[in-house]
Amino acid sequence: MGRAGEIKRADLPPGRMHDLNTALHELHRQAGFPSAREIARALGIGHSTVHNLFARARLPQYDQLMAVAGCLALRAPVRHIVDGSQEQALDAVSHRFHSLWQQAKTEDEVRRGWQPADNAQQIVLHLNTRSRRVLHDLSDILHLHHTIRALPRRCNA
């Protein structure tokens, strides 16, 4: 069983990644320093995945970061939660970490010199919200993903 306490911090230079990592460690402190194993068990993921979010000097995967931040937010004592319901507190934490992650991602892309592909195209979709098929796609994210992935084949046919 993992030992509760502060998880190792990533060695990061000042910047957006450092800000994101600092915010994650602060939320961990507010939640009472649960171990990586406790967090992992609550989320159904590996404890090394949780540990790496805290300790690795690279941009964490968005879904993993948001799951861990949500788990920690639910464990934080009431005095650390914004006024209102637990749902509002979770929304506030989610919004904060989404924003921090987006800023860190942008900074990472600039640092790496990322450029969109020359052949990148913008696609605008006009949805008929009266269509049963469209409503089904909008209610099921996996089905929507498959429909969108299939669009280029349909458009080129």
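The values are calculated or read from the model by the stated rules, or taken from the named source; none is laboratory data. Small disclaimer: the values here were computed from a predicted structure and weren't measured. Because the Cβ atoms are built from the backbone with ideal geometry, glycine has one as well, and the counts that use them run over all protein chains shown.
In this structure, is Pro13 under 15 Å from the mean Cα position of the chain (by Cα) and assigned to a loop (DSSP other than H, G, I, E, B)?
On the way: under 15 Å from the mean Cα position of the chain (by Cα): no; assigned to a loop (DSSP other than H, G, I, E, B): yes.
Considered against the rule, which asks whether it is under 15 Å from the mean Cα position of the chain (by Cα) and assigned to a loop (DSSP other than H, G, I, E, B), Pro13 comes out as no.
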Next item on the list: Those residues that are closer than 17 Å to Glu38 by Cα, of a type in the set (A, V, I, L, M) and either in contact with a helix residue (DSSP H, G or I) (Cβ under 6 Å, 6 or more places away or on another chain) or modelled with pLDDT of 95 or more (or both), I need them from segment 2-27; list them, please.
Entry: Ile7, Leu24, Leu27
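From the set of residues in segment 26-48 that are part of a helix (DSSP H, G or I) and within 15 Å of the chain's Cα centre (by Cα), which is surrounded by the fewest Cβ atoms within 10 Å (Cβ to Cβ)? Quick ask: steps written out before the conclusion?
Just the residues of segment 26-48 that are part of a helix (DSSP H, G or I), to begin with: 26-30, 36-43, 47-48.
From what's left, within 15 Å of the chain's Cα centre (by Cα): 27, 43.
Numbers: Leu27: 21, Leu43: 16.
The selected residue is Leu43.
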